[in-house]
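First up is the structure itself, then whatever we jot down about it.
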Amino acid sequence: MKNPRIVVDRTKLRENIAFIASKLKNHELSIMAVTKVFNAHPQVIALYDEFPEISYYGDSRIENLMSYQDSKKQKVLIRLPMISEVPEVVQYADISFNSELETIKQLDQEAEKQKKKHKIVLMVDLGDLREGFFEREELYECIQAVLKLENIQIYGLGVNLTCYGAIIPSSKNLGNLIDIQNEIKQHYDLTLEMISGGNSSSLYLLDSPKDILPKGINNLRIGESFVLGRETAYGGEYEQMHQDAFTLVAEIVEIKVKPSYPIGEIGVDAFGKKPHYVDKGNMKRCIVAIGQQDVALDDIAPKDKSIELLGASSDHLLLDLTHTKQEYKVGDEIEFLMSYGSVLSTFTSKYVKKEFIR
């Protein structure tokens, strides 16, 4: 297999999905599997399709939703729609997340053209300060207006936490979402089918001895937990899950003994930043054929813990092999543990090959 590549262990990923699916089923929570992290790769989608516990696929890119239209699971656009993509949203998404009345009106007009009913989830901002209605009055004014539209169904409420402001989900802030649901039911006689209480960062509330997921939350959007085997509020790893279902592999193209401190006047690097170096004397330096065009340096870690990351340009990743016990040579492969960001970027990069094993 050519390099660089990301290796997906199907067995480990399947076991990860099964564990989370069972946990959410026991708490009567529906699952929206977020597919953007692996760029909706068809082999991963085929694996996810094996699980009836997954009711929805969610993605922020309409192009990804378009790629798995044959799947029977409901498709959800989880990034607020652009008005310029409204025709595609109505055609390819069963549900979309919304917070702007003007966009919803455009969806209504397009749904009429396509002779469809389009379902929406209204997003509420509970303090993370990304998308959603912040003032309840504005939310209720929007609901009043939407109820007059003939081609839009208000399907539910949703919230995003930890994605921008890094606000941790809690019974208190998610309880506000339930309060809003109850007010909507009382004022508008409107029963909402989905109350989506966040993403993988809400999972810890299913196990926390101090806090709980409020009753009434009936859906979670799961992306990172399936892929990396952990909840994302505090980064706690589940012992029953695999954290290495995805592995990045890069090939050595150079090994040389060189100084650790560059020679000459130091300016800015290829990305306009002035780097800082520590003089450690001569070291055994290695270059692998991958760079920041494919993956951020902070998002990977060598499985061989004796290898130190030195830095990267757009196409070269520099490593210190001085203290390794293994005798690496040019052409050898080095494996890296991955974060959410590195899985996302390497699946997006056309230069990183995808390999599926087991």
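The values are calculated or read from the model by the stated rules, or taken from the named source; none is laboratory data. The structure displayed is predicted, hence computed values, not measured ones. Heads up, the Cβs are rebuilt from the backbone with ideal geometry, glycines too, and the neighbour counts pull from every protein chain shown. Heavy atoms of the whole protein, side chains included, go into the accessibility calculation; ligands, DNA and RNA do not. Shrake-Rupley method; radii C 1.70, N 1.55, O 1.52, S 1.80 Å.
Data overview
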read-out: Packing-based ranking, highest mean first, of 144-154, 159-169, 247-257 given that Cβ atoms within 10 Å are counted; value: 159-169, 247-257, 144-154
read-out: Positive-pole candidate from Leu203, Asn182, Val159, dipole of region 98-213, charges at beta carbon; value: Leu203
read-out: Protection proxy ranking, peptides 309-316, 199-206, 98-105, average beta carbon neighbours within 10 Å, highest first; value: 199-206, 98-105, 309-316
read-out: Angle between the chain longest axis and helix 10-26 axis [Cα atoms, degrees, rounded to 10]; value: 30 degrees
read-out: Mean Cα-pair separation over length for region 88-172, i.e. relative contact order, pairs under 8 Å, 6 or more apart, %; value: 33 percent
read-out: Spatially proximal aspartates and glutamates relative to Lys2 (Cα-Cα < 15 Å; intrachain offsets below 8 disregarded); value: Glu251, Asp332, Glu333, Glu335, Glu355
read-out: Over region 14-150: Kirkwood hydrodynamic radius from C-alpha pairwise inverse distances, Å; value: 16.1 Å
read-out: Cα-centre dipole for the chain with unit charges at Cβ (Lys and Arg positive, Asp and Glu negative), debye to 20; value: 800 debye
read-out: Calculated on alpha-carbon atoms, Rg and Dmax of the chain in Å; value: 23.3, 74
read-out: D (Stokes-Einstein, µm²/s), Kirkwood Cα radius, region 46-102, 0.890 mPa s at 25 °C; value: 209 µm²/s
read-out: Largest-first principal axis extents, alpha carbons of region 292-358, Å; value: 33, 32, 21
read-out: Cα-Cα over 21 Å, subset of Lys75/Lys185; Lys36/Lys350; Lys303/Lys353; Lys12/Lys72; Lys256/Lys329; value: Lys75/Lys185; Lys12/Lys72
read-out: Where Thr191, Thr322 fall by accessible area, highest first, once all protein chains stay in place (1.4 Å); value: Thr191, Thr322
read-out: Å³ per residue enclosed by the Cα convex hull of region 225-351; value: 138 Å³
read-out: Region 117-183 - charge dipole about Cα centre, Lys and Arg +1 at Cβ, Asp and Glu -1, debye rounded to 20; value: 280 debye
read-out: Total formal charge among the other residues, if their Cβ is under 10 angstrom from that of Ile357, Lys/Arg +1 and Asp/Glu -1; value: +1
